[in-house]
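What follows is one structure encoded as structure tokens, with my remarks underneath.
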Amino acid sequence: MLNFTYNIPTKIIFGKDELERLPKEILLHGKRVLFLYGKDSIKKTGLYDKIVTLLNDKNIFFKELSGVKPNPSISSVREGIRIIKENDLDFILAVGGGSVIDCAKAISAGVGYTGDPWDFLIGKAKVRNVLPIGSILTLAATGSEMNGGAVISNEETQEKLAFGHPLLVPAFTFEDPTLTFTVSKYQTAAGATDIVSHLLEQYFTSHNDEGLPDRLTEAMMINVINYAKTAILEPDNYDARANLMWTSSLALNNLVTYGKKHGDWASHGIEHEVSAIYDITHGAGLAILFPNVLKYYLDKDIEESLPLTKFLNLGKNVFNVASSDDKAAAYETIEKLRAFFNSLDMPSKLQEENVDASKIDIMAKGAARNGTLGYYHMIGEKDVLEILKNSL
Ligand code: NZQ
Ligand code: ZN
């Protein structure tokens, strides 16, 4: 294992009937709150009313910003910054899935900056002064509730870019699995796909590890595979929802990369280009692309930079692949991964998401805007184009 510093500062308040603690947790960090949420799911579930009552009971001043969209837009970020400045707010409460929490992070970074917040996404501005964030998670998927990353879309430029900073890690997150009972089958499946994809991105490193980081990652994948279908078939199955929720956080909070090199993240890089233009659901895009990226690596004989052992361990330990021929076992592993996504009714072709060939050159260019893609720089624009063609 490589050297590392363990530091995951988000306080997780896990389980049902804990929300009464919300005012106390907020008051540890601020007094005047921006209450940020999405379209209407929190109003339908009654969560909105509960939060408003809790804040009012403790006389906590708040202003609301609603309508944060899936694939959150920079315009919501700008609006959030405006409301905070106008009302002298000092805390952001993000209630929703990854989109709302990501939007909160970009607002938090942007409040102390005089330029346009898009500058953070294009690397023109550095994160310095931030407002603290607390979140109430309502969808298990991104891990944003316990990490410092954010992904923001810009409709004008048709870009979807990521940025992050340790200062943007939420101070606390409430994780009540019952809040996810109302998540649709489709979003539950997309969330489970996203969790597995995060684990895979961090699994496929050139660091050939027979110890804890890879074994932890495999255990989490098995857990998602075991519980995803149950959560879809029985939306109010507490154990299934609880396991998906906690795994979503642990899958992308650095825990599984401590002790190893960074992950690959090429599949995410390509997916963000697709959803930047077509506004598709992140997890659905990953279900299509991830198996094809892995297959491309394998076709290209990646052994030198990415050990075949990774595929074999994944096959053996997660997907029960038993073939004695190594290459055949590796391909079978990829097919089992695809079959898992399909078993959740996730798509396996871009056409199913109404994405055709007309813009794949733009997407390939975008994915490779910094030269090569992924931490191991194994693929460039031409390779991405090929992967996208294979995914049509
Ligand atoms: O807007 P509302 O009405 O709340 O509806 C949302 C939204 O339509 C709905 N939803 C959320 N909780 C619900 C619910 N519906 C019923 N009951 C509930 N309890 O679900 C829809 C999708 O929500 P969203 O927040 O977009 O989903 P998700 O959590 O999957 O977030 C996706 C975004 O996160 C980014 C993605 O690219 C995408 O933009 N990512 C962020 C990452 C990070 N910060 O670390 C990493 C990821 O790889 C990812 O890129
Ligand atoms: Zn993701």
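Condition check ((1) within 16 Å of ligand 1 (Cβ to nearest atom); (2) exposed (fewer than 14 other Cβ atoms within 10 Å of the Cβ); (3) farther than 20 Å from ASN71 by Cβ; (4) charged (D, E, K, R)) across all residues:
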| site | (1), (2), (3), (4) |
| --- | --- |
| LEU286 | yes, no, no, no |
| ASN292 | no, no, yes, no |
| TYR296 | no, no, yes, no |
| ASN317 | no, no, yes, no |
| LYS336 | no, no, yes, yes |
| ILE362 | no, yes, no, no |
| GLY374 | yes, no, yes, no |
Practice item. For LYS58, state whether it is out of contact with any Leu (no Cβ under 6 Å at 6 or more places or on another chain) and within 16 Å of ligand 1 (Cβ to nearest atom). Key: no
Review point. If you check every pair at least six apart or on different chains, which have Cβ atoms under 9 Å apart with a residue in segment 58-87 that is under 22 Å from GLY283 (Cα atoms) first and a residue that is of a type in the set (D, E, K, R) and in a strand (DSSP E or B) second?
Key: ASN71/LYS160
Revision key, fill the gap. Residues of segment 23-40 being closer than 24 Å to VAL68 by Cα and open to solvent by 100 Å² or more (accessible area, probe 1.4 Å), in sequence order, are LYS31, LYS39
Revision key, fill the gap. Of the residues in segment 1-39, those that are hydrophobic (A, V, I, L, M, F, W, C) and more than 30 Å from GLU210 (Cβ to Cβ) number 11
Check your understanding: Can we say ASN59 is in a loop (DSSP other than H, G, I, E, B), surrounded by fewer than 20 Cβ atoms within 10 Å (Cβ to Cβ) and more than 26 Å from the chain's Cα centre (by Cα)?
Key -> yes
**Study point:** Any hit, segment 150-160, residues being open to solvent by 10 Å² or more (accessible area, probe 1.4 Å), within 13 Å of ligand 1 (Cβ to nearest atom), on the phi < 0 side of the Ramachandran plot and under 13 Å from the mean Cα position of the chain (by Cα)
**Key:** yes
Revision key, fill the gap. Restricting segment 190-220 to residues that are open to solvent by 40 Å² or more (accessible area, probe 1.4 Å) and in a helix (DSSP H, G or I), the one modelled with the lowest pLDDT turns out to be LEU212
Check your understanding: Within segment 250-258, can one find any residue that is in contact (Cβ under 8 Å) with a residue 60 or more places away in the chain, assigned to a helix (DSSP H, G or I), more than 16 Å from ligand 2 (Cβ to nearest atom) and more than 14 Å from the chain's Cα centre (by Cα)?
Key -> no
Review point. Pick from LYS105, LYS50: which is among the charged types (D, E, K, R) and open to solvent by less than 10 Å² (accessible area, probe 1.4 Å)?
Key: LYS105
Check your understanding: Identify, please: which residue in segment 1-22 is β-branched (Val, Ile, Thr) and not in a loop (DSSP other than H, G, I, E, B) and is, among those, most open to solvent (accessible area, probe 1.4 Å)?
Key -> ILE12
Practice item. Mind listing just one residue for me: the one in segment 376-386 that is aliphatic (A, V, I, L, M) and within 23 Å of the chain's Cα centre (by Cα) and, of those, surrounded by the most Cβ atoms within 10 Å (Cβ to Cβ)? Key: VAL384
Review point. What do you reckon, is ASN3 out of contact with any Ser or Thr (no Cβ under 9 Å at 6 or more places or on another chain), closer than 30 Å to LYS261 by Cβ and modelled with pLDDT under 95?
Key: yes
Review point. Taking segment 254-284 only, how many residues are touching a Lys or Arg at 6+ places or on another chain (Cβ under 7 Å) and open to solvent by 10 Å² or more (accessible area, probe 1.4 Å)?
Key: 3
Review point. When you go through (1) assigned to a loop (DSSP other than H, G, I, E, B); (2) acidic (Asp, Glu); (3) under 24 Å from PRO72 (Cα atoms) one by one for ASP49, which number turns out not to apply?
Key: (1)
Review point. How many residues does segment 164-189 contain that are within 16 Å of ligand 2 (Cβ to nearest atom), buried (at least 24 other Cβ atoms within 10 Å of the Cβ) and under 30 Å from VAL127 (Cα atoms)?
Key: 0
**Study point:** LYS69 vs. criteria part of a helix (DSSP H, G or I) and either among the hydroxyl-bearing types (Ser, Thr, Tyr) or open to solvent by 20 Å² or more (accessible area, probe 1.4 Å) (or both)
**Key:** no
Exercise for review: Could you tell me which residue of segment 113-149 is least open to solvent (accessible area, probe 1.4 Å), considering only residues that are of a type in the set (Val, Ile, Thr) and in contact (Cβ under 8 Å) with a residue 60 or more places away in the chain?
Suggested key: ILE136
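The values are calculated or read from the model by the stated rules, or taken from the named source; none is laboratory data. All figures in this text were calculated on a predicted structure; none of them were measured in a lab. All Cβ positions, even for glycine, are placed from backbone atoms using ideal geometry, and neighbour counts span all protein chains on display. Side chains are part of the model used for accessible areas, which takes the heavy atoms of the whole protein and leaves out ligands, DNA and RNA. Shrake-Rupley method; radii C 1.70, N 1.55, O 1.52, S 1.80 Å.
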